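Asks: Please see the structure below; I have some questions.
No value in this document is a laboratory result; all are computed from the given coordinates. As the structure is a computational prediction, the values presented were derived from the model and not from experiment. Here the Cβ positions follow ideal geometry from the backbone for every residue, glycine too, while neighbour counts run over all protein chains shown.
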Amino acid sequence: MNKQYGLQMTYMQAWRSKEYAVQLLRGNPSESYENLLSYFYMMVLTNPMSVVSLKKTEEDLFMYAFVALYPSIKGWQYCKPVVVVDGNFIKSTYRGTLLITSIQDPAGSILPLAYAIIYSENNASWEWFFARFKDAFGEREGICIVSDRHGGIENAAATLYPQVPHCVCIWHLWNNVNENYKKNHLQLNDIFFAMAKAYTVEKFDYHMAEVERIDKRIKDYLINVGYERWSRAHSAINKTLTMTSNIAKSINAVLKAVRELPVLPMLEYIRKLIGRWNVTN
């Protein structure tokens, strides 16, 4: 401002001006939350049979917001039954976490199923999210849930979908192995992924024997996780080659800048994104 316009201002004056300009463009963060109820009313009016839910505290403060658009609900039955679940931090004024479940159609294109905003990622918020998800989508034969090893996801999935296999993303599992057993991770990298992707138990056992020779603690750790949760050879169901939560990471990459917006424009951006993807695919 000084160089271009000769305007003398302090750092705080510049910061407040920038914040004001951003608010003019994006809207007031507090008002964004206040308008959620009206926004959801219009969303259901213009997208009939969609499922939305808003939960507040007794003091009328925001807790959770959930959206499942009807095209996603209708498309669910035609897609692969492997649901990938992930959460990512919101970077706007009031923070929080954006939760997204997604799936792939038979051609491999991504279809976001449901998304939600929660004030805090814990057992209660994940259980609320899965309850709303079950209301919207129910269950299907061969359904499987894939995620990282977040305790909230594991507990909520076990409560709301006790009969549904909950599988672990092999990349997240490998990162956990790296953090806990750093000494031998370079030797084990190729072995671990060959073991996870092996089609036969015999091939799996061959690679597990290699792991045991290098570091028996890692074998014990993987036994505790459960072979059926990450090994293709031991999987109780057909995961249709989905071994990772990469499709969720793809959506998170698309929404990276959007997570800085107030809640209302962020939700609206996601709604339009799903619409564009549906038209394209």
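Asks: Identify, among GLN23, CYS167, PRO81, the residue whose Cα sits farthest towards the positive end of the charge dipole of the chain, taking +1 on the Cβ of Lys and Arg and -1 on the Cβ of Asp and Glu, with the dipole about the Cα centre.
Replies: So the residue furthest toward the plus end is GLN23.
Asks: Using a simple charge model, +1 on the beta-carbon of Lys and Arg, -1 on the beta-carbon of Asp and Glu, nothing else, what dipole does the range 207-281 show about its Cα centre, in debye to the nearest 20?
Replies: 200 debye
Asks: With θ taken as phi - 60° and the coefficients 6.51, -1.76 and 1.60, list the Karplus ³J(HN,Hα) couplings across the range 191-208 in order, rounded to whole Hz; mark glycine and proline as x.
Replies: Per residue, the Karplus-derived 3J(HN,Hα) values read 5, 4, 6, 5, 5, 5, 8, 4, 8, 10, 5, 4, 5, 4, 4, 4, 6, 5 Hz.
Asks: Using the basic label-point model (7 angstrom from Cα toward the beta carbon), what is the GLU228 to SER30 distance in nanometres?
Replies: Rounded to a tenth, the inter-label distance reads 5.3 nm.
Asks: What is the extension gain from THR10 to ASP105, computed as 0.36 nm multiplied by their sequence separation minus the C-alpha to C-alpha distance, in nm to one decimal?
Replies: 28.8 nm
Asks: Next up: Ranked highest first by the average count of other Cβ atoms within 10 Å around their residues, in what order do 221-233, 197-209 fall?
Replies: Ranked from most to least packed, the peptides come out as 221-233, 197-209.
Asks: First measure r as the distance between the Cβ atoms of ASN175 and LYS197, then evaluate 1/(1 + (r/R0)^6) with R0 = 25 Å and state the FRET efficiency to the nearest 0.05.
Replies: E between ASN175 and LYS197, to the nearest 0.05, is 0.90.
Asks: Pop the C-beta distance of ALA253 and LYS216 into the FRET formula with R0 = 35 Å and round what comes out to the nearest 0.05.
Replies: Working from the Cβ atoms, E equals 0.40.
Asks: Go ahead and estimate [θ] at 222 nm for the chain from helices alone: -39,500 (n - 2.57) per DSSP H run with n ≥ 4, summed, over the residue count, rounded to 500.
Replies: -15500 deg cm²/dmol
Asks: Under the 0.36 nm per residue contour assumption, what length would be gained going from the current alpha-carbon distance of ASN238 and GLU141 to full extension?
Replies: Net length gain for the segment: 33.8 nm.
Asks: In nm, to one decimal, how far is the LYS74 label point from the ASN184 one, both placed 7 Å along Cα→Cβ?
Replies: Spacing of the two 7 Å Cα→Cβ label points: 5.4 nm.
Asks: Cβ under 11 Å from ASN252's Cβ, ASN252 left aside: what net charge do those residues give with Lys, Arg +1 and Asp, Glu -1?
Replies: That sum, taken over residues with Cβ under 11 Å, equals +2.
Asks: Under a crude label model (7 Å from the Cα following the beta-carbon direction), how far is THR280 from ARG149 in nanometres?
Replies: So the two model labels end up 3.4 nm from each other.
Asks: I've got another one for you. Too long at a 32 Å Cα-Cα cut-off: which of LYS3/LYS249; LYS56/LYS134; LYS74/LYS256; LYS183/LYS249?
Replies: Correct reply: LYS3/LYS249.
Asks: With the Cα gyration tensor of the range 148-281 giving a ≥ b ≥ c as the square roots of its eigenvalues, does the rule (a/c under 1.5 for rounded; else a/b larger than b/c for prolate; else oblate) give rounded, prolate or oblate?
Replies: In terms of gyration-tensor shape, prolate.
Asks: What's the FRET efficiency of THR159 with GLU19 using the Cβ-Cβ distance as r and R₀ = 35 Å, to the nearest 0.05?
Replies: For R0 = 35 Å, the calculated efficiency reads 0.25.
Asks: Now a separate question. For LYS134 and GLU260 in one chain, what is 0.36 nm times their gap in residues minus the Cα-Cα distance, to one decimal in nm?
Replies: 42.5 nm
Asks: Could you state the number of Å between the C-alpha centres of the range 164-229 and the range 103-117?
Replies: 28 Å
Asks: Taking the mean number of other Cβ atoms within 10 Å as a proxy for protection, how do you rank 36-45, 124-133, 14-23 from highest to lowest?
Replies: Per-residue mean Cβ counts within 10 Å order the peptides as 124-133, 36-45, 14-23.
Asks: Determine which aspartates and glutamates satisfy two conditions relative to LYS182: a Cα distance under 13 Å, and not lying fewer than 8 residues away in the same chain.
Replies: By straight Cα distance, LYS182 reaches ASP215.
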